[in-house]
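Note sheet for the following structure.
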Amino acid sequence: MAQIWDPQAYEKDGAFVPALASGVLEWLDARPGERILDLGCGDGKLTQKIAATGASVTGVDSSPEMVEAARARDIAAEVGDAEALPFADGCFDAVFSNAALHWVRDQDAMMEQVHRVLRPGGRFVAEMGGHGNIAAIRVAFSAVLERNGFGDREGDANYYPTPEEFTRRLELHGFTMARMALIPRPTRLEKGGMTGWLRTFRRGALESLPEDARARIVEDTAGLLAPVLRDSEGNWTADYVRLRFEAKKG
C-alpha cells in the first residue's frame, strides 16, 4: 500500500524526524560548492540545512505535496521516484537521504540509480529504518487490521534491513562501505502521540479502509500498544532503530 503524505500533518506529528538528523548530517559533512542530491527530501527542512553549508543542493521526492512544501522553502526540488531519478549520469558529488529509503519499493533499482547519478568516488550517505525498527508498532497495527478483516492492507510497507544485508546489497551495486551503524533510538512522540503517528505514517493503509473503520483501527492499535510504549504520565515513545551508513562509488 503506497504511503500518502500530508505536509501539515508531517510538520505536526513528524517534526522529530529532521530534529534527530544531526548525526547523519555530520556524516555527510557537506562542503561549499559540492553538488548534493537530497533523496526523499520531504518538506525540505534538512535540505535547507545542507544548503546553508554552501553546497548546491537539489531535492527529489515522490510526493508532489512534499515537493511543493520544499519549494516554498526556496529549495530546488523535483517530483521523482528513487527507482528512476530524473538526473544525468555522474552529476552529483554526494547523495544524501534521511528517513526515506525504507519506503522505497525496489531497493536494487534505487541503488542502481544512486550509483548512476554519482560521480566516480562520490558518496552515498543516509539514515533509514534498520532491523527491529518500530517492531511493536508494526505487530500491533497488523494484528488490529487482521482482527477487523483488513489483513492485506499493510503488506510490506517498509524495508528494515540488518547492516550485513544492506552492506551486501550495496556492494552488489558497485559501492564500497565506508562506515555503518545500527542505532536504537527510542523516540518521544509529542503532540499527537501514537494516534497522530499512525494517522501520519500509516496514512496510505488507513485511507484504503472504509472511512468508518479508520478511527477504530487507530484507537485499537494505540490501546494495544499503550502497556509497552506509553508511560504512567501518558507520554508515548516509539521503538525506533536507525541504520546509518556512508558508502562510496567505486
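Throughout, read-outs are computed from the coordinates displayed, never taken from laboratory work. Everything numeric here is computed off the predicted structure, so don't read it as measured data. Backbone-built Cβ (ideal geometry, glycine too); neighbour counts: all protein chains shown.
Here the calculated FRET efficiency for Glu146 and Ala9, from their Cβ-Cβ distance with R0 = 30 Å, stands at 0.75, rounded to the nearest 0.05.
By the compact-protein rule of thumb, 2.2 N^0.38 Å, the alpha-carbon radius of gyration of the chain corresponds to a ratio of 1.01. About its Cα centre, the chain has a charge dipole of approximately 580 debye under the convention of +1 per Lys or Arg Cβ and -1 per Asp or Glu Cβ, with nothing else charged. Where is the GNM fluctuation largest for the chain (alpha-carbon springs, 10 angstrom cutoff): Leu172, Leu28, Leu189? Highest fluctuation among the options: Leu172. Calculated [222 nm] ellipticity per residue, helices only, for the chain: -11500 deg cm²/dmol; basis is -39500 (n - 2.57) per DSSP H run with n ≥ 4, divided by all residues, nearest 500. Each 10 Å bin from zero holds the following percent of Cα-Cα pairs in segment 129-198: 16, 36, 30, 17, 2. Projecting the Cα atoms of Ala55, Leu101, Ala140 onto the charge dipole of the chain, computed from C-beta unit charges around the Cα centre, puts Ala55 farthest toward the positive end. For the chain, the number of Lys pairs separated by eight or more positions or lying on different chains, with C-alpha atoms closer than 30 Å, is 9. Each Lys and Arg Cβ is given +1 and each Asp and Glu Cβ -1; about its Cα centre, segment 47-95 then shows a dipole of about 280 debye. Rounded to whole numbers, the Karplus 3J(HN,Hα) couplings from phi for segment 60-77 are 9, 8, 7, 9, x, 5, 5, 4, 4, 5, 5, 5, 5, 9, 6, 8, 6, 10 Hz, using 6.51 cos²θ - 1.76 cosθ + 1.60 with θ = phi - 60°, and x at Gly and Pro. Given their separation in residues at 0.36 nm each and the Cα-Cα distance between them, Ala109 and Asp29 gain 26.2 nm when the chain is fully extended. Full extension of the segment from Glu171 to Ala136, taken as 0.36 nm per residue of separation minus the current Cα-Cα distance, would add 9.5 nm. What residues of segment 23-58 lie in the reach of a label at Ala181, counting those whose backbone N is under 15 Å from a point 7 Å from the Cα along Cα→Cβ? Correct set: 23-29.
Across the chain, C-alpha contacts under 8 Å between residues 6 or more apart give a mean separation that, scaled by the residue count, equals a relative contact order of 24 percent.
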